[in-house]
Structure formats: structure tokens, C-alpha cells
Amino acid sequence: MAGFARTAVVAAVAVVAWAATAAAHDRGTSYSTWTVRGNDVHVGVRVTELDLSRYPWGAAGGTVRERMLPTYLPANLVLTRGGRSCDLEGAVRPLRSAPGHLSYEWKLRCPGGGRFEIRSTLLADVSPAHLHFARVRVGDAPASERVLSARGSTWQFGAAGGEEVEDSGTGFGGYFVLGVEHIVTGYDHLAFVLALLLLGGSLAEV
């Protein structure tokens, strides 16, 4: 009877782990780099095929996805300066990327004067918990990073009259909070550890 009870508990834990894994996929992550030289900006973006599969055109893959991404990416990852849009210069080009990921790059031409602002709405309509990691380098200044999400989808940076990038990126405290959130909501991890404890007959086996 004890063996049956243990099996039932392990099965329940497996179900919780499976459901939590699906919930973990709700978050998802994407990345971008922004290199600012005067009014010219080079943008690089990396997303996962798994996250894009939430869209019908992303799940379709192949040429359907290839046609959509050059429009979707710059439309949902927007840069302005002084409240005015930065214009796309040339084409949005695919780059070689690791398996399971897709990378693109493009160039922008921004109006002179004012602070820059990045706004990310990548996957926001299909994955509200999505996190976007943006990395910015203005001129020869050190790069700065910030995590954009539904709670804070914009990042203003740069001095209005110069090339300096303000230290307004996500610091240790911000990443610490993200880590705590991940642990607290990481039911799949906790369920896996619990399953090991239940299956282990002794401390050595655990």
C-alpha cells in the first residue's frame, strides 16, 4: 500500500511539473543589442523559434515565418529620439544563429537631439510574461543593459545634448528580483526535487 501511495504521489508531482513547465514557457526571453553612433543605430535581435510558434505564422515556419519577421521585429521593437521615430535604413537581414534561435539585424537613422527610447512589445500579445533583454552602447561609452517586460516596456537613455549613456540599466537588484520570481514560480524545479526525495529510499540514494 505504501508503494502504491508513493507511486500516486510521484505521478501527481509529474503532472504538476508538466503543467509548470508549460507555464514556464509562458515567460520566454528575447535579446537585442543597440549600437549608437551619432544619429545612426545598428540593431541586432535574437528570438527563439519556440516563442514564435505561439503565432500561426511562427508555427508554420519556413518561408511564411521568413516573410513575417522582417516586418514583425522592427514594428515591435521601436526606437525613438526626442519623441520622434527613428527610420529604417535598408533591409532587415537574417543572421546565422544557434539551433532553435533566429537572429536579425537592421540599421536606423534617428533625428538629432533628445533622449532615446526603446519600446518592446515583442510577443506581448501572446506571452504577457515575456522578458526582453536589451543591451545599449552609445559611442565609446561602456554598454548598459535593461530587462523590458509588461511592467516596464520602455527604456529612456542618453543625454539630451550629447553622446553619454546614463547608467539607467538593470542592476544587481533588478536581476536579483527576477531570480527570486523565477524560483518562486519554478514549480517544475521544486516538483523534480520532491520526486527525487520520494523515490530515494535513503539519504545516500537521495
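With respect to Leu95, is the statement that it is under 19 Å from the mean Cα position of the chain (by Cα) and under 17 Å from Gly28 (Cβ atoms) true?
On the way: under 19 Å from the mean Cα position of the chain (by Cα): yes; under 17 Å from Gly28 (Cβ atoms): no.
No; evaluated as a whole, the condition is false for this residue.
Which condition number does Gly169 fail, the rest of (1) surrounded by 14 or more Cβ atoms within 10 Å (Cβ to Cβ); (2) within 16 Å of the chain's Cα centre (by Cα); (3) modelled with pLDDT of 95 or more being met?
Gly169 satisfies all of (1) surrounded by 14 or more Cβ atoms within 10 Å (Cβ to Cβ); (2) within 16 Å of the chain's Cα centre (by Cα); (3) modelled with pLDDT of 95 or more except (3).
Of the conditions (1) closer than 23 Å to Ala124 by Cα; (2) modelled with pLDDT under 95; (3) surrounded by 13 or more Cβ atoms within 10 Å (Cβ to Cβ), Ala22 fails just one. Which one is it?
Exception for Ala22: condition (3).
Residue-by-condition table, conditions (1) touching a strand residue (DSSP E or B) at 6+ places or on another chain (Cβ under 8 Å); (2) in a strand (DSSP E or B):
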position: His42; (1), (2): yes, yes
position: Glu66; (1), (2): yes, no
position: Pro70; (1), (2): yes, no
position: Val92; (1), (2): yes, yes
position: Gly114; (1), (2): yes, no
position: Glu117; (1), (2): yes, yes
position: Ala124; (1), (2): no, no
position: Val136; (1), (2): yes, yes
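For Thr33, indicate whether it is closer than 30 Å to Gly139 by Cα and surrounded by fewer than 17 Cβ atoms within 10 Å (Cβ to Cβ).
Against the criterion (closer than 30 Å to Gly139 by Cα and surrounded by fewer than 17 Cβ atoms within 10 Å (Cβ to Cβ)), Thr33 does not qualify.
Before we move on, is Val78 without any contact (Cβ under 8 Å) to a residue 40 or more places away in the chain, in a strand (DSSP E or B) and among the aliphatic types (A, V, I, L, M)?
No: the conditions fail for Val78.
Can you report the number of residues in region 41-83 which are open to solvent by 40 Å² or more (accessible area, probe 1.4 Å), more than 20 Å from the chain's Cα centre (by Cα) and within 16 Å of Ser120 (Cα to Cα)?
So the answer is 1.
Give the number of residues within region 84-118 that are open to solvent by 50 Å² or more (accessible area, probe 1.4 Å) and within 14 Å of Val41 (Cβ to Cβ).
Qualifying residue count, region 84-118: 9.
Name the residues in region 94-112 that are among the hydrophobic types (A, V, I, L, M, F, W, C) and outside any strand (DSSP E or B), would you?
Within region 94-112, Ala98, Cys110 meet the criteria.
The values are calculated or read from the model by the stated rules, or taken from the named source; none is laboratory data. Please read all numbers here as calculations on a predicted model, not as lab measurements. Quick reminder, even Gly has a Cβ in these numbers, built from the backbone with ideal geometry, and neighbours come from all protein chains shown. Please note that ligands, DNA and RNA were not included when accessible areas were found on the heavy atoms of the full protein model with its side chains. Shrake-Rupley method; radii C 1.70, N 1.55, O 1.52, S 1.80 Å.
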